[in-house]
1. Across the range 79-136, which residue is nearest to GLY27 (Cα to Cα) among those that are among the hydroxyl-bearing types (Ser, Thr, Tyr) and over 20 Å from the mean Cα position of the chain (by Cα)?
2. From the list GLY136, GLY73, which residue is in contact with a Leu (Cβ under 9 Å, 6 or more places away or on another chain), on the phi < 0 side of the Ramachandran plot and at pLDDT 90 or above?
3. Report, by residue number, each residue of the range 25-65 that is open to solvent by 50 Å² or more (accessible area, probe 1.4 Å) and not in a helix (DSSP H, G or I).
4. When the range 72-93 is examined, which residues are found to be open to solvent by less than 50 Å² (accessible area, probe 1.4 Å) and outside any helix (DSSP H, G or I)?
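The values are calculated or read from the model by the stated rules, or taken from the named source; none is laboratory data. Predicted model, so just to flag it, every value in this text is computed and none were measured. Cβ: placed from backbone, ideal geometry, glycine included. Neighbour counts: every protein chain shown. What goes into the accessible areas is simple: the full protein's heavy atoms, side chains included, and nothing from ligands, DNA or RNA. Shrake-Rupley method; radii C 1.70, N 1.55, O 1.52, S 1.80 Å.
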Amino acid sequence: DCLQNIGIVIISIPATLFAIYSMSYIGLKKMQLLGFISVGIVSVITAICTYYKVTSDAHFALHVLLLFTLNCGLGVSTYVIPSEIFPTRIKSTFFGISAGMAKFGALVGSAIFDKLYTDYGFPLLYSICAGISLCGVIITHFFIPFKIKST
């Protein structure tokens, strides 16, 4: 278990570095869209594999892949986009509001996680993650401009 946890944590380093490197090439909006899409796809695959009780090695590989996709796109874009999109005069306030909403979402998710897991199991939790990723794709598409310029 300890070695698996180390492996899961270590994968986030190259994923984040790749995201930082590729940010200027593919753009922040595309990075966020690709991040939500990849997290959604991996979540659906993980939900299916968890439902059919795949081997622990396959489940571990899916967790590593999920963490990689989270750090590769969303881990960077969700921090950079708010700092780039808001006008300078309100940037710090709205960046704080964005961060606060993220913390609130984490609080709600943490509060209901155990109840959902106990009542329905991991397949539903991964399905919810896929649904939230789809919402992220829709929100990003309609509310984030393609050309984000620093102010």
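1. THR88
2. GLY136
3. Correct list: TYR52, LYS53, VAL54, THR55.
4. PHE86
This table checks each residue for (1) under 22 Å from ILE81 (Cβ atoms); (2) modelled with pLDDT under 90.
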{"position": "PHE95", "(1), (2)": "yes, yes"}
{"position": "ALA99", "(1), (2)": "yes, yes"}
{"position": "PHE104", "(1), (2)": "yes, no"}
{"position": "ASP114", "(1), (2)": "no, yes"}
{"position": "PHE143", "(1), (2)": "yes, yes"}
